[in-house]
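Scroll down for the structure; my scribbles are underneath it.
The values are calculated or read from the model by the stated rules, or taken from the named source; none is laboratory data. Note that the structure is predicted; figures quoted are calculated from it, not measured. Neighbour counts run over all protein chains shown; Cβ positions are idealised from the backbone, glycine included.
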Amino acid sequence: MQGIRVLLVDDEEDFRKTLANRLGKRKFEVSEAPGGMEALDSLARQAFDVVVLDVRMPGMDGLEVLKRVKESHPLTEVIMLTGHASVESGIEGMRLGAFDYLMKPCDINDLTVKIQDAYQRKLTLS
Amino acid sequence: MVELFGFLKKRREGKLREAEQEMAAVRRTFTRRYLNFKSLLSTNDQVLEIINELEQVLLAGSGFGMSLVRSRCTALSVNLYKIIQNLNQITGGRFPELPEVFQGIWERIDRELKHRKTDPSGELVLPLEAVTREMSGLAGGKMANLGEVKNRLGLPVPDGFVITAAAYQIFIDHNDLQEEINRRFQLLDPGDLAGLHETSAEIQQLITRAVLPPQLAAAIAGAYQRLQDRFGGPVRVSLRSSALGEDAQEASFAGQYRSLLNVSEEFLLLSYKEVAASKYSVPAITYRLSRGFHDEDILMAVGCMTMIPARVSGVMYSTDPGDETREAVLINAVWGLGKSVVDGSLTPDLFLISKSEPARILKKEIQPKGQQFVCQTEEGVELQTVPEGERLSPSLTDAQARRLAEVALALEKHFGQPQDIEWAFAPDGSLQIMQSRPLIIPEKGTEKPGPDTVVEIDRPLLFSGGVTASPGAACGPVFKVETSVDLLQFPTGAVLVTRNPLPQWAAVLSRASALVTDQGAITGHLAAVAREFNVPALLGTGQATRALDQGEIITVDADGTRVYAGRAEALLQQAGEKVNVMKGSPVEITLRRLLKHIAPLTLTDPEAPNFSPRGCQTLHDIIRFAHEMSLRELFDDQQEVSFSEKLAKKMTGDLPMQWWVIDLEGGLRAGISGGTIGPADVLSRPLLALWEGLRAVPWQGPPAVDAKGFLSILAESAMDTSLEAGTGSGYGAKNYVLASENFCHLSTRLGFHFSTVEAFLGEKAAESYIWFYFKGGGADLFRKEQRGHLIRSVLEQFGFWVTVRGDIISARLERQDRPTLLQGLQVLGYLILHTRQLDMVLGDPAKVQGYKEKMLREIGTFLQASGPGVG
């Protein structure tokens, strides 16, 4: 896991902080962003391997963030997290190039493996 | 005659006016009553249809949950309430005790619905050394078994404790979650996979965000502290679901819930909530639904055990289900943690060990093992690359394999049936048992032809290889599943083709015809679920996702480990039936018990003394009673002399039945005196059309009944005396028509049949309709259905939208122009006359076809003769 750079984008602070903490314990290099704009700023400043993105956020919608991420950083893999948002948006997300999506609250083991898988794909594509 | 006497004349005019006024008042009253009656009829039909639906659901046995049952029961109660109110409204409150009787029946239904919830009481947390098999009611099946293994068999099991079902219950109660959960399920259409995912996500979030009651948090922390004290330092634990109620029948629930590995103290409580929440994972919800489990019966106990950073681990079956002689122990093993065996992400090494002494190694298949799951230092597990030198070496020594087989046999002996066992060897070489649960071995269904029988397959072989994880053969289009999004689009009947048999794919397994994977072994969770649902499964083919194209039709021969292009009939004919996994399930049993208060008709004879509110024992009785009483109220000339004498006129003419017509407004020629009318007096356009159809072809009397048909009628009559024609009440023999110029409502009880035709020919096509409802018949269900199909196929020729459910036929023709509607009414008139007692002769499908042709011919002839735009 060492060296896999993960950007966690979620407006729910409790959830985001806990998840960042748990992923950190699992030796990912985790950064956080509370919204879509902040996420795009972070991506502009710094390279990430995998973005874990909540689909429904106030302000910029997760799908919109996904679209922009894939435009500006086509090699960065995006894993969508969805809770209340419609599953339609999950399908739409896959169409827009997301690596996969997970339902909240996601299994931390699953997420860990997914991030690794996404990272593997990034390596094979770059 | 007495015109000369002016005062007399005046008096007479006064009387006429009086009569007119009275008539108008009567008509008003009547119209009001009639509206009540109409609403009663439609509610009546709705209710009967709901009952019918519940019965059909029970018969079909396909997955239905309590939310369907509850919602239908709610609909029943609301409609019954309306029916009773309606009846008391038209009769002026003649049956005040009926609401009370209804209340009584409803309470019985409610008791069944509320369902004796398993109410666990006891310790919130139990140390594993205090747990034995009998304690599954508190510790859940999985942990109770594991306690048994540790404490009664003395086999090595990791140290730990169980957060019990009582703990789960107070957690849910503390947050008032159950009602909210039920509410969300009520809103969910079980067929809607996307909605299911959302509901699952929402409920799981509710649970993970809920607050643990302080005493529970303290109990868990205390138990964890004691574990640390014994261990002498910080411990990492694994959290494993151990649900209650899943052992109600042979149910595996394999892998439907979450297990969390290598959890640190910091995330212990959150992890507990996550495992508890996984009761509502999509596969678990789907599974409960298709196996008919009550949501409230399943309580999540959670096992919490010290984490073993295993060197090698896996799953073993104390009896290899693939071996006909049942003489071998099957072991799957991988480097690192056993997670990759149960979730099918790697194809493990395979060892077969003889059960007989001395233990011999019968087979050894070593797979290349490129990756392994290992514990991370702080928390969690990760997938690591296996060191080069170990990839191709066996993960178990022969001695270890034999040791495992020995343990497997001891467990099988102790539990009295084959076991599915998770095990691990710790770095120090010690063996630990993580789980032992009953292994479901599918019974050999239909007799398989022996190995000598050659089945000729005329389809090209696509590939062969892999292991039979669940026997059988099936055919369907390929549907590849790679991500959870693909799951949402999984078509019923498709072959699920995927790289790894992940447990979450179980959500669609019950709608899949077969399962084929690249990776995996028969000891994985998904394989267990496939066996349970009797879905043929071929795992570890190494090539399925590459070799097969999306949408391609294939036949999977799981027994022969082969996949063919197209439909290989010869194989499919041997394949057994799909099992009805609902049979005997808790939800099915509940529905059966509920229906006892709902469906049977005990008030069969309207003349019998018990035909009273107090005599009603079921909801169906109340419906029957209310229906009969409403009819009497409306039509009984004994009680409402003033009505029927003035309003209902007997139809004379060449019809083979008695007709009574009540004029609502402009339905009959004005100024008819006396109590009889002829066809020429009828002005109601829909009624005229119906009439025309009734008279068009003379009825030739009841058809000749074959002996079987007659016997079936006798049998049905003996079962349900309400079917006796006319039952002597007098009402059965009469046919009533309420008619106005553009409206008619006809209610017919002919022998065993009850039918209603209602038509309104409005100004606009959009408000016009014909509605036809038909129920009953003396013959058995098969013959009634035959007749149903006959009537449907005829009506559909004329544009009707027809549904047939059991012996109920309901047909609608709407939004059509007037000639089409009039023609539809003629056809209905013809059918009402000519289909009676037809069910008795419809024993064989060839006859049905014969009758259909004859009817269409006759209808065609008279429609042509009457020309378009009749009436």
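So that you can scan it fast, the table gives a plain yes or no per residue for (1) farther than 20 Å from residue B:180 by Cβ; (2) in contact with a helix residue (DSSP H, G or I) (Cβ under 9 Å, 6 or more places away or on another chain); (3) surrounded by fewer than 20 Cβ atoms within 10 Å (Cβ to Cβ); (4) not assigned by TED's automatic domain parsing to the domain that holds residue B:527:
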site	(1), (2), (3), (4)
B:265	yes, yes, yes, yes
B:269	yes, yes, yes, yes
B:278	no, yes, no, yes
B:284	no, yes, no, yes
B:292	yes, yes, no, yes
B:295	no, yes, no, yes
B:301	yes, yes, no, yes
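Restricting to region A:33-58, what's the tally of residues that are of a type in the set (Lys, Arg) and assigned to a helix (DSSP H, G or I)? Spell out how you get there, then give the answer.
We begin by selecting, within region A:33-58, every residue of a type in the set (Lys, Arg); these are A:45, A:56.
Then keep just the ones that are assigned to a helix (DSSP H, G or I); that gives A:45.
Total meeting the criteria: 1.
Which numbered condition in (1) more than 10 Å from every other protein chain (Cβ to nearest Cβ); (2) in a strand (DSSP E or B); (3) under 30 Å from residue B:196 (Cβ atoms) is the only one that residue A:30 fails?
Exception for residue A:30: condition (3).
Any residue at all in region B:355-363 that's modelled with pLDDT under 85 and of a type in the set (D, E, K, R)?
So the first thing to find is which residues in region B:355-363 are modelled with pLDDT under 85, and the list is B:357.
After this cut, where a residue has to be of a type in the set (D, E, K, R) as well, the list is B:357.
Yes: region B:355-363 contains one or more residues that are modelled with pLDDT under 85 and of a type in the set (D, E, K, R).
If you take the residues in region B:585-605 that are surrounded by fewer than 20 Cβ atoms within 10 Å (Cβ to Cβ) and part of a loop (DSSP other than H, G, I, E, B), which one is farthest from the chain's Cα centre (by Cα)?
Checking each candidate, the answer is B:605.
Report, by residue number, each residue of region A:43-53 that is buried (at least 17 other Cβ atoms within 10 Å of the Cβ) and of a type outside the set (A, V, I, L, M, F, W, C).
Our first condition is that a residue be buried (at least 17 other Cβ atoms within 10 Å of the Cβ); within region A:43-53, this holds for A:43, A:48-53.
Listed by number, the list holds a single entry, A:49.
Please verify whether region A:5-21 includes one or more residues that are within 10 Å of chain B (Cβ to nearest Cβ), crowded, with 18+ Cβ neighbours inside 10 Å and under 27 Å from residue B:487 (Cα atoms).
Within region A:5-21 (the criterion being within 10 Å of chain B (Cβ to nearest Cβ), crowded, with 18+ Cβ neighbours inside 10 Å and under 27 Å from residue B:487 (Cα atoms)), the answer is yes, since at least one residue qualifies.
Look at residue B:760 and say whether it is closer than 30 Å to residue B:609 by Cα, in the same structural domain as residue B:651 (by TED's automatic domain parsing) and modelled with pLDDT of 75 or more.
On the way: closer than 30 Å to residue B:609 by Cα: no; in the same structural domain as residue B:651 (by TED's automatic domain parsing): yes; modelled with pLDDT of 75 or more: yes.
Taking the combined requirement at face value, the residue does not satisfy it.
Residues B:85, B:56: which one is closer than 16 Å to residue B:623 by Cβ and surrounded by fewer than 19 Cβ atoms within 10 Å (Cβ to Cβ)? Before you say what the answer is, go through the steps one by one.
Numbers: B:56 fails: closer than 16 Å to residue B:623 by Cβ.
Being closer than 16 Å to residue B:623 by Cβ and surrounded by fewer than 19 Cβ atoms within 10 Å (Cβ to Cβ) holds for just one of B:85, B:56, which is B:85.
Looking only at residues that are of a type in the set (Val, Ile, Thr) and assigned to a helix (DSSP H, G or I) in region B:148-185, which one is surrounded by the most Cβ atoms within 10 Å (Cβ to Cβ)? Steps first, please.
So in region B:148-185, the residues of a type in the set (Val, Ile, Thr) come out as B:149, B:157, B:162-164, B:170, B:172, B:181.
Retained after the next criterion (residues that are assigned to a helix (DSSP H, G or I)): B:149, B:170, B:172, B:181.
On the way: B:149: 28, B:170: 18, B:172: 21, B:181: 19.
By that ranking, first place goes to B:149.
Looking at the structure I just gave you, is residue B:361 touching a Phe, Trp or Tyr at 6+ places or on another chain (Cβ under 9 Å), farther than 21 Å from residue B:342 by Cα and of a type in the set (A, V, I, L, M)? Explain how you work it out, then say what you get.
Numbers: touching a Phe, Trp or Tyr at 6+ places or on another chain (Cβ under 9 Å): yes; farther than 21 Å from residue B:342 by Cα: yes; of a type in the set (A, V, I, L, M): yes.
Here the answer is yes, as residue B:361 does meet what is asked.
Among the residues of region B:352-363, is there at least one that is β-branched (Val, Ile, Thr), surrounded by fewer than 24 Cβ atoms within 10 Å (Cβ to Cβ) and either touching a His at 6+ places or on another chain (Cβ under 8 Å) or not assigned by TED's automatic domain parsing to the domain that holds residue B:511 (or both)? Break it down into steps so the answer makes sense when it comes.
Restricting attention to region B:352-363, the residues satisfying the condition of being β-branched (Val, Ile, Thr) are B:353, B:361.
So of that shortlist, the ones also surrounded by fewer than 24 Cβ atoms within 10 Å (Cβ to Cβ) come out as B:361.
Restricting the remaining residues to those that are either touching a His at 6+ places or on another chain (Cβ under 8 Å) or not assigned by TED's automatic domain parsing to the domain that holds residue B:511 (or both) gives B:361.
The answer is yes, given that some residue of region B:352-363 is β-branched (Val, Ile, Thr), surrounded by fewer than 24 Cβ atoms within 10 Å (Cβ to Cβ) and either touching a His at 6+ places or on another chain (Cβ under 8 Å) or not assigned by TED's automatic domain parsing to the domain that holds residue B:511 (or both).
Residues are listed down the side, and each one gets a yes or a no for (1) closer than 30 Å to residue B:748 by Cβ; (2) at pLDDT 85 or above; (3) in contact with a Lys or Arg (Cβ under 6 Å, 6 or more places away or on another chain):
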site: B:557; (1), (2), (3): no, yes, no
site: B:591; (1), (2), (3): no, yes, no
site: B:604; (1), (2), (3): yes, no, no
site: B:608; (1), (2), (3): yes, no, no
site: B:617; (1), (2), (3): yes, yes, no
site: B:625; (1), (2), (3): yes, yes, no
site: B:628; (1), (2), (3): yes, no, no
site: B:640; (1), (2), (3): yes, no, no
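From the list B:476, B:472, B:465, which one is at pLDDT 90 or above, more than 23 Å from residue A:106 (Cβ to Cβ) and either within 27 Å of the chain's Cα centre (by Cα) or crowded, with 22+ Cβ neighbours inside 10 Å (or both)? Working first, answer last.
Details: B:472 fails: at pLDDT 90 or above; B:465 fails: either within 27 Å of the chain's Cα centre (by Cα) or crowded, with 22+ Cβ neighbours inside 10 Å (or both).
After applying the criteria, what remains is B:476.
Of all residues in region A:99-126, which are more than 9 Å from chain B (Cβ to nearest Cβ) and touching a residue at least 40 places away in the same chain (Cβ under 8 Å)?
A:111, A:115, A:118, A:119, A:121, A:122, A:125, A:126 - these are the residues of region A:99-126 that are more than 9 Å from chain B (Cβ to nearest Cβ) and touching a residue at least 40 places away in the same chain (Cβ under 8 Å).
Tell me which residues, restricted to region B:785-833, are among the aliphatic types (A, V, I, L, M) and either closer than 14 Å to residue B:855 by Cβ or in contact with a His (Cβ under 8 Å, 6 or more places away or on another chain) (or both). Step through it out loud before you land on a result.
Restricting attention to region B:785-833, the residues satisfying the condition of being among the aliphatic types (A, V, I, L, M) are B:790-791, B:794-795, B:802, B:804, B:808-809, B:811, B:813, B:821-822, B:825, B:827-828, B:831-833.
Residues satisfying the conditions are B:790, B:791, B:794, B:795, B:804, B:827, B:828, B:831, B:832, B:833.
Please enumerate the residues belonging to region B:368-382 that are facing chain A (nearest Cβ under 7 Å) and touching a residue at least 40 places away in the same chain (Cβ under 8 Å).
From region B:368-382, those facing chain A (nearest Cβ under 7 Å) are B:376, B:378-382; that's our starting set.
Answer for region B:368-382, where residues must be facing chain A (nearest Cβ under 7 Å) and touching a residue at least 40 places away in the same chain (Cβ under 8 Å): B:376, B:378, B:379, B:380, B:381.
Please work out if residue A:38 is surrounded by fewer than 21 Cβ atoms within 10 Å (Cβ to Cβ), within 11 Å of chain B (Cβ to nearest Cβ) and more than 27 Å from residue B:259 (Cα to Cα).
On the way: surrounded by fewer than 21 Cβ atoms within 10 Å (Cβ to Cβ): yes; within 11 Å of chain B (Cβ to nearest Cβ): no; more than 27 Å from residue B:259 (Cα to Cα): yes.
Answer is no for this residue.
Of all the residues that make up region B:453-495, how many are under 30 Å from residue A:98 (Cα atoms) and away from chain A (no Cβ under 14 Å)? Before the answer, list the steps.
Looking only at region B:453-495, we keep the residues that are under 30 Å from residue A:98 (Cα atoms), and these are B:476-495.
Right, trim to away from chain A (no Cβ under 14 Å) and you get B:476-479, B:491-495.
So the count comes out to 9.
Only one of these conditions is not met by residue B:7: (1) closer than 30 Å to residue B:740 by Cα; (2) at pLDDT below 80; (3) surrounded by fewer than 12 Cβ atoms within 10 Å (Cβ to Cβ). Which number is it?
(1) is the only condition that residue B:7 fails.
Having 2 or more residues that are within 26 Å of residue B:201 (Cα to Cα) and either outside the structural domain of residue B:365 (by TED's automatic domain parsing) or touching a helix residue (DSSP H, G or I) at 6+ places or on another chain (Cβ under 9 Å) (or both) is the bar; report the strands (runs of 3 or more DSSP E) wholly within region B:472-584 that clear it. Talk me through it step by step, then tell me what you get.
Details: elements: B:473-480, B:495-498, B:514-517, B:537-539, B:553-557, B:562-565.
So the answer is B:473-480, B:495-498.
So is residue A:71 without any contact (Cβ under 8 Å) to a residue 24 or more places away in the chain, out of contact with any Lys or Arg (no Cβ under 8 Å at 6 or more places or on another chain), more than 10 Å from every other protein chain (Cβ to nearest Cβ) and acidic (Asp, Glu) or not?
Yes, satisfied.
Any residue at all in region B:408-416 that is among the acidic types (Asp, Glu), within 14 Å of chain A (Cβ to nearest Cβ), buried (at least 17 other Cβ atoms within 10 Å of the Cβ) and out of contact with any Gly (no Cβ under 9 Å at 6 or more places or on another chain)? Break it down into steps so the answer makes sense when it comes.
Taking region B:408-416 first, the residues among the acidic types (Asp, Glu) are B:412.
Subsequent filtering for residues that are within 14 Å of chain A (Cβ to nearest Cβ) retains none.
For region B:408-416, residues among the acidic types (Asp, Glu), within 14 Å of chain A (Cβ to nearest Cβ), buried (at least 17 other Cβ atoms within 10 Å of the Cβ) and out of contact with any Gly (no Cβ under 9 Å at 6 or more places or on another chain): absent.
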